[in-house]
1. Quote the relative contact order of the chain in percent (integer), defining contacts as alpha-carbon pairs under 8 Å separated by 6+ residues.
2. Given H placed 1.01 Å from N in the peptide plane, which residues other than close sequence neighbours of His108 have an amide H under 5 Å from its amide H?
3. Which cross-chain or sequence-distant (5 or more) residues have an amide H under 5 Å from the amide H of Ser201, H modelled 1.01 Å from N in plane?
4. Using a 10 angstrom cutoff on alpha carbons, build the Gaussian network for the chain and name the most mobile of Pro150, Pro97, Pro78.
5. Taking 0.36 nm per residue of sequence separation and subtracting the Cα-Cα distance, how much length would be gained by fully extending the chain between Asn339 and Thr255, in nm to one decimal?
6. Scan around Phe66 for amide H atoms under 5 Å from its own, H built in the peptide plane at 1.01 Å from N, and keep only partners 5 or more places away or cross-chain.
7. Quick one: net charge of Glu301's neighbours, Cβ under 13 Å, K/R +1, D/E -1?
8. Across the stretch 284-290, in residue order, what do the Karplus-derived ³J(HN,Hα) couplings come to in whole Hz, using 6.51 cos²θ - 1.76 cosθ + 1.60 with θ = phi - 60° and x for Gly and Pro?
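The values are calculated or read from the model by the stated rules, or taken from the named source; none is laboratory data. Just so you know, these numbers come straight off a predicted model, no measurement behind them. Because the Cβ atoms are built from the backbone with ideal geometry, glycine has one as well, and the counts that use them run over all protein chains shown. SASA here: full protein model, heavy atoms, side chains in, ligands and nucleic acids out. Shrake-Rupley method; radii C 1.70, N 1.55, O 1.52, S 1.80 Å.
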Amino acid sequence: MVVGESGLGKTTLINTLFASEICAPRNYRQRFAKQMDKTTEVEILKADLEERGFNIKLTVIDTPGFGDYVNNRDSWTPIVEFIDDQHESYMRQEQQPLRTDKQDLRVHACLYFIRPSGTSLKPLDVEVMKRLGSRVNLIPVVAKADTMTPEDLLAFKQRVREVIDAQGIKCYLPPVDVDDEQAAENARHMQSVMPFSVIGSIDDVTTTDGRVVKGRQYLWGVAEVENEDHCDFKKLRSLLIRTYMLDLITSTEETHYESYRLQQMETRKFGEPKVKKLDNPKFKEEEESLRKRFTEQVKLEEARFRQWEQHLIAERDRLNKDLEQAHSQIKALEGEIDNMAAYHRQGGTVRR
Ligand SMILES: Nc1nc2c(ncn2[C@@H]2O[C@H](COP(=O)(O)OP(=O)(O)OP(=O)(O)O)[C@@H](O)[C@H]2O)c(=O)[nH]1
Ligand SMILES: [Mg+2]
């Protein structure tokens, strides 16, 4: 599954993955080319790959990127719910008397795309990654590695790693096999490379030394997808469909599915339908804090209103006083006019 902000190259990377596979389905261009526009809904793509004589049925789940909205919550909740729903559906099938032929769309690996920027992870990234990391094998990916210099890229990756550690975000780490020195070395190397930087492209371009490769052409040369000096695409592909594919599957079963199952077992009886969101204890806390925030907000507004009311009353009193003053002035002026009129009637002259 690919997840992340809009326009970071998620769909392109899926295409690149298939384009770089010798045994990829021939019609991948027709099947994927149309999806290069903005992805607007969760899309499930299936492909058969052949890897060292084994057939692999691969399912890729492309998701719409988050937009630049003030409230991005709506854009990532469907993704988290999709992941939970797959666990739920699998669990229900396991509870049926006939358990062969189970439909299984549980997500084994979730690539989270990070915008290559001068800073680090955004608060939204942290929030989404936290939720994903507790549900699936989360693999952070730095998008569009060709837009950064190698030094900046290294520094950026380091900062991302620091935030991931500081925020306690759970990411997938290839297991270190204590019995196999070479495998252990490979796992440690993979761990040190994370987050993987990637370049996506399905275009064949010619390098300055005449090689035809998948890459992106620039005035200064070519950013190559499969060049390990340019990005970690090869390592990521190897992790996903070669070296750690099996571990991704077993750890999903043993860690993530198991924790979903346990959590559900604690909150509902066998065979009972999934608890509605608001009845679920997990959401009780959230609801409580929302209610608190709401009450505080109301109190604040009330205080503001009272202050405003006081102000209005004071203003009214002031205006009333003004009015009184104006009245007495009018009275005085009227008195003067009366006086003058009387004086005039008595035949006196009005001095100017
Ligand atoms: N420079 C650079 N551009 C890329 C790379 N990958 C994709 N792009 C470009 O980025 C744009 C968006 O790519 P998409 O693959 O549609 O992005 P997306 O993440 O699927 O976007 P949404 O579907 O909106 O979430 C396209 O113009 C791609 O050509 C990359 O590695 N480097
Ligand atoms: Mg897309």
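1. Working: 411 pairs, mean separation 46.4, N = 352.
Reported as a whole number, the value is 13 percent.
2. Residues meeting the amide H criterion: none.
3. Answer set, sorted by chain and number: Thr16.
4. Most flexible of the set in this elastic network: Pro97.
5. The Asn339-Thr255 span can extend by a further 20.0 nm.
6. So Phe66 has HN proximity to Gly4, Glu5, Ser6.
7. Values: positive: Arg293, Lys299, Arg304, Arg306; negative: Glu296, Glu302, Glu309.
So the environment of Glu301 carries a net charge of +1.
8. 4, 4, 4, 4, 4, 5, 5
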